[in-house]
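The values are calculated or read from the model by the stated rules, or taken from the named source; none is laboratory data. Because the structure is a prediction, the values reported are computed rather than measured. Note: ideal-geometry Cβ built from the backbone for every residue, glycine included; neighbour counts use all protein chains shown. Heads up: the accessible areas ignore ligands, DNA and RNA and are worked out on the full protein's heavy atoms, side chains in. Shrake-Rupley method; radii C 1.70, N 1.55, O 1.52, S 1.80 Å.
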Amino acid sequence: MANLVNFEKHGSIGLITVDNPPVNALSVGVPQGIMDGVNAGETDSGIAAIVLRGAGRGFIAGADINEFLNPPPPGSASLFDVLNCFENCKKPVIAAVHGNALGGGLETALACHYRCGTAEAVYGFPEVLIGILPGAQGTQRLPRICGVEKALPLMVSGEFVPAKNALALGIIDKIIDGELLEGALAFAEQIVAERRPLRKIRDETAVAPAEGFFEDFEKSIAKRARGYLAPYKIIECARAAVALPFEKGVERERELFGDCLKSDQSKGLMNLFFGERTCTKIPDIPRDTPTQKIASAAVLGAGTMGGGITMNFVNVGIPVTILEMSQEALDRGLEIIRKNYANTVKKGRLSQEQMDACVSLITPTLSYDDIANADIVVEAVFEDMDIKKEVFRKLDGIMKPAAILATNTSTLNVNEIANVTQRPEMVIGTHFFSPANVMKLLEVVRGERTKKEVIATVMQLGKTIKKVPVLVGVCDGFVGNRMLARYSKQAYQMVLEGALPQDVDKAVFDFGLAMGPFAMGDLAGLDVGWRIRKRRAAENADIEDDAGIDDQICEMGRYGQKTNAGWYKYEPGSRVPIPDPEIERLIIEYCEERQIRRRQIGHQEIVDRCIYALVNEGAKILEEGMALRASDIDVIYANGYGFPRYRAGPMLYADMVGLDKVYDAIRGYHEQYGDIWEPAPLLRHLAEQGKKFSDL
Ligand code: CAA
Ligand code: NAI
């Protein structure tokens, strides 16, 4: 363990360095190593003070999250031992922070007598993001430093506090300009020279908040914290910090931490934490695969998607040439981009200068000649194979040989598009989600001939433009939409059987999704699917010509929110769906005409059928290799489909329910409803073996 933490003498200062790459997590062995260092410093009469720092990228990023999921054998020294050891040390202990001090890392720093750090360092308690709370006395110390009114929002949001703000809040005592080690050693010497007291935050009092603060705060987070456990447990901790003495507050924090840790929510969120990092690892594409530099981009089409995609690039300083068919379309597209930025400026999330800088990186054009030198081109023109093919032939003729040719198609075959070019190895799918400047998910679609360097480059680019990139294979709807089709089908089927759209939406919303399938349809526009269905029916005589309820709704001119009516009705200017008796009547008449006997459908059945439909298709996708791992599917659902993060995604949810139970339910549906519920062989296999998707 010696190499996890090192101790050395710098004159009269003992220096403890935590060296546990990549982020200096407090893994087994680190606490003991730190305590050994303190002991060495304390027993050495030549040492007057001790400085604690991290090696490499930062100070300490917190507890080792792996150890929450797979606890190490009991008996090893814990973070609590370290905190006691600091507080009981007779010599000043000073934290010297660079990079980040997060979670248990910040708690470690707060138990030191003094804290200093670089001007670039950041501080925070991101535990809430993995479903737990700062459980090593952090909820009791932070309010004692900066008052509960400032501390609580930090702990509940998990936001990172920059050094300057941390200094103002009293989280740190000094910002070191210049070299950290030199400055920290000098600061330690100054503390010794000035005989400063050994400050213990535990002895201080948390300033009580204004009357009604906790109640108001709870109300203010109601929407974003809906369904989450940890934010509310943190509020209870903060209440304890003002109401109880330190020791009692810490006891309360321990209990509440235990509640969080043993919940399924923390397991879900921790799995998602690792899933969002694992998804960029591609087994047959090693990390050292060469990537191309992307210094410029071109986007084809300035419509709904092209505009959003352009914003992603310019937001990170990559200039974009955006190409359209007509000046009018170009002007319209650019106007929408400007409006989007202006709204963000209005909300105070962007300065006017930043907006101007972004807009200045966009060059509109009507000529292919202007895009020939771009490092990547993302095509976002109409969803029509003939048009896409024509566009890719043109791109093939004009783009420089090293350019990556990406398509944003949502349903078309990327291989077919690639094969019209002389360089299918340079063609890839980049499936953004609407609104593309907001949604984090990026499905990177690997064509059968896409070369590894292109995949590696686009995965890296995804991260650069602040997306969560997930590699998927070529199949109808790729991963997310292919699964969604099954889910939507069940939602619709249940409306035929007896539920109303609002019943389905409520059950799914209460389960935790951002919105139900019918409200989502209204938001996305019902006419899109309707046109596709009409086109397919016209092309294929085998498709039954019985207009569904969804088609009838469109035929009534109800396209969703954009027409103030769809499955629901909307007050002008409002996005709040209002159940519509007219639609209820339509549904009932539709069923009567077809002699469908309607019945009551309970919430649990609605949830099970919607979610298991996702799971069964997800299992087929895994088996076909269209997704690399179950956690990739969960990452897709959490980042692109409003699946509650605290459940990670449909696949981990199924693991938690138990695949035997899920399989039994699906077998039952299969008997009742036929082929659509054909159980995925992989699901059967895992269920019979008592295994989980996460065991794969
Ligand atoms: N435990 C275990 N592994 C961790 C980790 C942690 N706390 N933090 C990061 N890692 C791992 C990542 O999984 C990743 O591993 P791979 O390279 O194998 O994928 C690697 O470290 C690098 O992480 P990132 O890719 O995220 O690197 P980054 O530079 O983009 O971000 C970071 C660095 C800001 C520290 C980010 O990793 C992060 O936010 N980490 C989590 C911090 C956190 O939640 N701390 C609180 C832990 S809980 C706690 O401390 C409870 C308590 O009260 C005691
Ligand atoms: P859109 O209709 O809003 O925009 C398409 C734009 O492309 C129009 O402005 C049109 O003038 C332009 N265009 C058409 N042909 C062109 C050509 N040959 N050269 C240059 N410009 C041309 O369509 P939207 O919604 O932006 O979709 C674009 C692509 O993104 C489609 O492939 C779609 O399937 C896909 N997609 C759409 C999503 C959505 O939610 N709208 C989500 C994910 C993918």
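Points to keep in mind about this one:
- Answer from 505, 550 - the residue that is open to solvent by less than 20 Å² (accessible area, probe 1.4 Å) and out of contact with any His (no Cβ under 9 Å at 6 or more places or on another chain): 505
- Checked against (1) in contact (Cβ under 8 Å) with a residue 24 or more places away in the chain; (2) open to solvent by 10 Å² or more (accessible area, probe 1.4 Å); (3) more than 16 Å from ligand 1 (Cβ to nearest atom); (4) out of contact with any Ser or Thr (no Cβ under 9 Å at 6 or more places or on another chain), residue 387 passes all but a single condition, namely (1).
- Scan of the range 3-36 for residues that are among the small types (Gly, Ala, Ser), in contact with a strand residue (DSSP E or B) (Cβ under 9 Å, 6 or more places away or on another chain) and closer than 15 Å to residue 104 by Cβ, ordered by number: 25, 29, 33
- Test: residue 94 is within 20 Å of residue 185 (Cβ to Cβ), open to solvent by less than 40 Å² (accessible area, probe 1.4 Å), away from ligand 2 (no atom under 16 Å from the Cβ) and not in a helix (DSSP H, G or I): yes
- Subset of the range 1-52 (residues that are open to solvent by 40 Å² or more (accessible area, probe 1.4 Å), within 16 Å of ligand 1 (Cβ to nearest atom) and not polar (S, T, N, Q)): 19, 21, 22, 23, 28
- Residues in the range 175-201 that are over 16 Å from residue 147 (Cβ atoms) and crowded, with 18+ Cβ neighbours inside 10 Å: 176, 180, 183, 184, 185, 187, 188, 191.
- Of the residues screened, residue 430 is not one that is touching a Lys or Arg at 6+ places or on another chain (Cβ under 8 Å), away from ligand 1 (no atom under 16 Å from the Cβ), among the polar types (S, T, N, Q) and open to solvent by less than 40 Å² (accessible area, probe 1.4 Å).
- Inclusion of residue 111 among residues that are open to solvent by less than 10 Å² (accessible area, probe 1.4 Å), within 20 Å of residue 256 (Cβ to Cβ) and within 12 Å of ligand 1 (Cβ to nearest atom) is warranted.
- Pick from the range 284-321, criterion within 16 Å of ligand 1 (Cβ to nearest atom) and among the hydrophobic types (A, V, I, L, M, F, W, C), ranking: most open to solvent (accessible area, probe 1.4 Å): 316
- Scanning the range 390-418 for residues that are surrounded by fewer than 17 Cβ atoms within 10 Å (Cβ to Cβ) and either of a type in the set (D, E, K, R) or within 16 Å of ligand 1 (Cβ to nearest atom) (or both) returns 390, 393, 394, 400, 416.
- For residue 70, the requirement of being more than 16 Å from ligand 2 (Cβ to nearest atom), modelled with pLDDT under 95 and in contact with an Asp or Glu (Cβ under 8 Å, 6 or more places away or on another chain) is not met.
- Any chance residue 421 is among the β-branched types (Val, Ile, Thr), modelled with pLDDT of 95 or more, more than 15 Å from residue 297 (Cα to Cα) and within 10 Å of ligand 2 (Cβ to nearest atom): no
- The range 476-491, residues that are over 24 Å from the mean Cα position of the chain (by Cα) and buried (at least 17 other Cβ atoms within 10 Å of the Cβ): 490, 491
- The lone criterion from (1) of a type outside the set (Asp, Glu); (2) open to solvent by 10 Å² or more (accessible area, probe 1.4 Å); (3) within 17 Å of residue 159 (Cα to Cα); (4) within 10 Å of ligand 1 (Cβ to nearest atom) left unmet by residue 146 is number (4).
Okay, residues lined up against (1) under 29 Å from the mean Cα position of the chain (by Cα); (2) not aromatic (Phe, Trp, Tyr):
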site: 81; (1), (2): no, yes
site: 118; (1), (2): yes, yes
site: 132; (1), (2): yes, yes
site: 136; (1), (2): yes, yes
site: 147; (1), (2): no, yes
site: 157; (1), (2): yes, yes
site: 160; (1), (2): yes, no
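- Leading residue by the ranking (least open to solvent (accessible area, probe 1.4 Å)) among those in the range 230-251 that are more than 19 Å from residue 159 (Cβ to Cβ) and within 30 Å of the chain's Cα centre (by Cα): 236
- Residues that are among the hydrophobic types (A, V, I, L, M, F, W, C) and touching an Asp or Glu at 6+ places or on another chain (Cβ under 8 Å) were ranked within the range 49-67; the one that is farthest from ligand 2 (Cβ to nearest atom) is 49.
- Unique residue being acidic (Asp, Glu), surrounded by 16 or more Cβ atoms within 10 Å (Cβ to Cβ) and within 30 Å of residue 692 (Cα to Cα) when the list is 580, 632: 632
- Close pairs from the range 127-140: first modelled with pLDDT under 95, partner more than 16 Å from ligand 2 (Cβ to nearest atom) and open to solvent by 10 Å² or more (accessible area, probe 1.4 Å), Cβ under 9 Å, at least 6 apart: none
- Identification of strands (runs of 3 or more DSSP E) wholly contained in the range 97-202 with 2 or more residues that are not hydrophobic (A, V, I, L, M, F, W, C) yields 114-118, 122-124.
- Which listed residue is free of Cβ contacts under 8 Å to residues at least 60 places away in the same chain, farther than 19 Å from residue 466 by Cα, away from ligand 1 (no atom under 16 Å from the Cβ) and buried (at least 16 other Cβ atoms within 10 Å of the Cβ), from 379, 324, 353: 324
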